[in-house]
Amino acid sequence: MSASPAGPTDGLVAADQPVVEAVNITKRFGSTLALSEAGIVVRRGETHALVGRNGAGKSTLVGILTGLQAADHGTVAFDGRPAPPLGDRDAWRRRVACVYQKSTIIDTLTVAENLFLNRHARGPAGLIRWARLRRQAEQLLAQWSVEVDVRQPASTLSVEQRQFVEIARALSFGARFIILDEPTAQLDGAGINRLFTRIRDLRAQGVTFLFISHHLQEIYEICDQVTVFRDARHIVTAPVAQLSRPALVAAMTGEEVTMSEVDHRPLPTDAPVLLSVRDLVTTSGAELSVEARSGEVVGIAGGGGSGKVEVAEAIVGLTRPVGGTVVVAGRTLRPGSVPDSLAAGVGLVPQDRHREGLVPLLSIAENVTMTVPERVGRRGLISPSRRDALARDTIADLAIKASGPHVPVSDLSGGNQQKVVMGRALASDPKLLVLITPTAGVDVRSKQTLLGVVDEARRRGTTVLVVSDELDDLRICDRVLVMFQGRVVREMTHGWSDNDLVAAMEGVDLHHV
Amino acid sequence: MSETLSSTSRPAASPPPEPGSASRSLAIARLRDLALVPAIIAVAIVGSIVNPVFLSTDNIINVLQSMSEIAIVVLAQTIVLITGKMDLSLESTFGLAPGIAAWLVVDPALTRGLGLDVLPEVWAVPVVLLVGALVGAFNGLLIVRFGLNGFVVTLGMLIVLRGLLTGISGGQTFFALPESMTYLGSATWSGVPASIWLSLLLFAGGVVVLGYTRAGRALYAIGGNADAARAAGIRTDRVLWIALIVASVLAALAGLLISGRLAAVPAAQGTGAIFQVFAAAVIGGVSLNGGKGSVFGAFTGVLLLFMIINVLTLAGVPAQWTNFLNGTVILVALVVSRITGGKAQT
């Protein structure tokens, strides 16, 4: 667990100063400690991996290394010299660039103009000389062997071409240190290979990379050094070759804060099968077949791009699957129809509560009863008193901190908003409860309440599907299906070890390393 | 991080497009500017068949003059639209700016009590432009500085400014304007009205500024992706503010031209013109979402619109039907651009 900042076998550097050295960085956001005396040293010419689970502090570190945020304590140095002041964007751009998941390419402009935005080639009268600008752009892309027509609008670029263009633009500012923030998240296998080839070429030309990824096998493929962050702290830095996969996974997971253990009584053997998913195929190509019995909690785990969210959305009818059937309590759901799945007794906590879960300006009562108008009204008219009574029950059951059912949801904290979403999913007394990342972005207390509610629901005989990559969410499951690249690769029964599960989500089989 | 990606938000990781498709989309992008030229030629042919007078020099000058003032407002709106905002209040600025100037300089003795006669006549034109600049700066204050919604702010301004003009004029028309105010709208330079020269010059200037200066390209960058523009070092707030001021000054200038042509400022000057302005800009390929469109395209849009109106007049269509046909032209143009552009015009 101790830091070993000096990579002993790194032959690429000698007396040379590290490209970037961040020491004792501490950063707070309100009451949250995002980084606690963390640091990183990246040496010239290496490709350095930064890994850690969500909330480990990777994004904050990137923000500090690129000069978008100031650290509360600690120092950042480039090539041995202190970092420029935050306001001097040009100086930062000459030292470091980050290619984010969210592209900073402007779709409506041509590739050439994107490359030289706000620094267009100009003639004597201050007028832009487009021909020269295009030539410069062509030269720049040719220098880094990016084969893209600079005259085409950027909207026609593929995801990987955008990344290449962004990398070339960063290099044209003089930066030779580039941070890639999950560059492979939106690429397919062939695209990843092309990206890696490019990274190796640029590395040979003296470009240093900091590579952030959730996919451990990519780190073993492309990186020299790896730094692990966990819970806002620096855990270890080591040459990739000297850190085995189990050791890396152990460094990432560490000792988890254990949640209150739910009792895992074995299911009665005669519990009927409530959910039956047969050969479901989503538009993105993810596949799932599963059967779950009354009172059973089944987890679907996987990283980003594993297809777990897509299959869950297809099951509840949010998206229309390409093929396969979903049967809930003997009733075959109409594909892609949310009303039909609601009628069949499906309750849903969607992935993004802001986008699909809540109407923020409406009250708790209206949000909770949105899917069950028949329970709060008579002859098509909604009865406010019945609605408020139902909402009061939900507020009490889920310990929502609010003064009453008429409080607008937008006034609640994130955890309490998520409880409202959960309350709505439960309002119809569902036979099947589908929870997609139910505890994302909520505090520990709310997490406990939410997971406690799941346990109550299963006691009543509800089948629960928990779709998540949070270990705490998955711990309440009777069994967990692990998805990787659109397929179920492992099925683990209750009692799995954290390392095994994390490794399976990352696509690594610990027993065959 | 990555698990927040869902099937809907996830762009497909597609292989690089083939060179053929790239050059084809390139050709379309270039042609987009000229997309209305065939339509303009077609209308010209139809017009000359309907009435041979259509292509006579007098009629062409007539069309150009009748569109010159609105065309300048279209130019102003185009600048704002490209940054991804919109300015509805331009039509009220169009009336208010010359209205304020007239109010301050005309002599109540000559105009049955209208006007104050507090400023010498030479101040009339500077006051017109100053009023425009102040309106633009105030719009900028609310939209850029306070972050209010541009549509609602400028809708409010549209009503406020119209009300202000009605208030100071008592709903009447300012007349007996000083010569400095009527000159630009009524003078003729080398046989062609000055307002035509002026509008063509401003459009030419717009083509150069928006196409060939960093400031102009900054407008496109902001409209395309404001965060990316900021990351590229563009001072987005300042550019937006300047764009709003320039647009209002242009609208004030256009108002001065029409007041000069009619030698009067009616309280309703410019009322309803904003719809025509938006229609011309959108037909000309300027996107309401920002980042897309060109000054030349906007010019072809307004030209096409006024040519059609002229043809309808020459064909003897009753004036009562003009609005119906105007609206039809706008809708047809949108449908056509949806079909040729492949994407919804927004």
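Rule-based calculations on the coordinates, nothing more; no lab input. Since we're looking at a predicted model, the values are computed, not measured. Here Cβ is always computed from backbone atoms with ideal geometry, including for glycine, and neighbour counts include all displayed protein chains.
Quick notes on this structure:
- Counting all C-alpha pairs of the protein assembly as shown, share separated by more than 51 Å (%): 33
- Sorting B:D117, A:D478, A:D279, B:D58 from the fewest to the most surrounding beta carbons within 10 angstrom yields B:D58, A:D279, B:D117, A:D478.
- When DSSP beta bridges are restricted to pairs lying wholly in region A:384-513, around 55% turn out antiparallel.
- Each other residue within a Cβ distance under 14 Å of B:V73 adds +1 if Lys or Arg and -1 if Asp or Glu, for a net charge of -3.
- Evaluated at q = 0.09, 0.10, 0.14, 0.16 Å⁻¹: base-10 log I(q)/I(0), Debye formula over Cα of region A:187-324: -0.48, -0.58, -0.94, -1.04
- A dipole drawn for the protein assembly as shown from +1 and -1 charges on Cβ atoms has a positive end, and of B:F296, A:S36, B:L256 the residue lying farthest that way is B:L256.
- Per-residue Cβ neighbour rank within 10 angstrom, fewest leading, A:K27, A:K431, A:K308: A:K431, A:K27, A:K308
- Rounded tilt (10° steps) of B:37-50 against the dominant C-alpha axis of chain B: 50
- As a ratio to 2.2 N^0.38 Å, the alpha-carbon radius of gyration for region A:300-407 is 1.24.
- Largest-first principal axis extents, alpha carbons of region A:82-151, Å: 39, 32, 25
- Mean separation of Cα contacts under 8 Å, 6 or more apart, over the residue count of chain A: relative contact order %: 15
- Cα centroid of region A:400-452 to Cα centroid of region A:181-218, whole Å: 38
- Lys, Arg +1 and Asp, Glu -1 on Cβ, resulting dipole of the protein assembly as shown about Cα centre, debye, nearest 20: 1260
- Descending semi-axes in Å of region A:278-318, equivalent ellipsoid built from Cα gyration tensor: 18, 12, 9
- Shape parameters for region B:79-191, alpha-carbon atoms, Rg then Dmax in Å: 15.9, 48
- P(r) tail fraction, region B:160-293 - alpha-carbon pairs more than 22 Å apart, %: 51
- Here the average projected area of the convex hull drawn through the C-alpha atoms of chain A stands at 27.9 nm².
- With Cα atoms defining each centre, region A:271-304 and region B:263-322 are spaced 58 Å apart in the structure.
- Furthest towards positive pole of dipole, B:L134, B:F175, B:P52, structure part region B:39-177, Cβ charges: B:L134
- For region A:134-264, the Kirkwood hydrodynamic radius comes to 17.1 Å, computed from all pairs of different C-alpha atoms.
- Assuming charge only on the beta carbon of Lys and Arg (+1) and of Asp and Glu (-1), the dipole of chain A about its Cα centre is about 1500 debye to the nearest 20.
- Cβ-based net charge around B:G150, under 12 Å, with every Lys or Arg adding one and every Asp or Glu removing one: 0
- Nearest-ten-degree value, helix B:90-105 long axis tilted from longest Cα axis of chain B: 20
- The angle between the Cα long axis of helix B:19-32 and the longest principal axis of the Cα atoms of chain B comes to about 10 degrees, rounded to the nearest 10.
- Antiparallel content of DSSP bridges confined to the protein assembly as shown, in %, to 5: 60
- Directionally averaged projected area (convex hull, Cα atoms, region B:225-346), nm²: 9.9
- Computed on region B:111-153, the Cα convex hull volume stands at 110 Å³ per residue.
- Rg over Rh for region A:350-466 works out to 0.94, using Cα positions for both radii and the Kirkwood form for Rh.
- Per residue, the protein assembly as shown reaches -14000 deg cm²/dmol at 222 nm when only DSSP H runs of four or more residues are counted, each adding -39500 (n - 2.57).
- In region B:95-147, chymotrypsin sites (Phe, Trp or Tyr not before Pro) in a DSSP loop with at most 16 other beta-carbon atoms within 10 Å: B:F146
- Gap separating the Cα centres of region A:123-155 and region B:92-128, nearest whole Å: 51
- Spread over its residues, the convex hull of the C-alpha atoms of region A:59-202 is 130 Å³ per residue.
- Extreme residue, positive dipole direction of region B:180-274, given options B:L244, B:W197, B:N225 (C-beta unit charges): B:N225
- For region A:372-423, average projected area of the Cα convex hull in nm²: 3.6
- Relative to the globular-protein estimate of 2.2 N^0.38 Å, the Cα radius of gyration of chain B stands at 1.07.
- Magnitude of the charge dipole, region A:108-219, Cβ model with Lys/Arg +1 and Asp/Glu -1, debye to 20: 640
- For B:S199, A:S337, order by how many other beta-carbon atoms lie within 10 Å, fewest first: A:S337, B:S199
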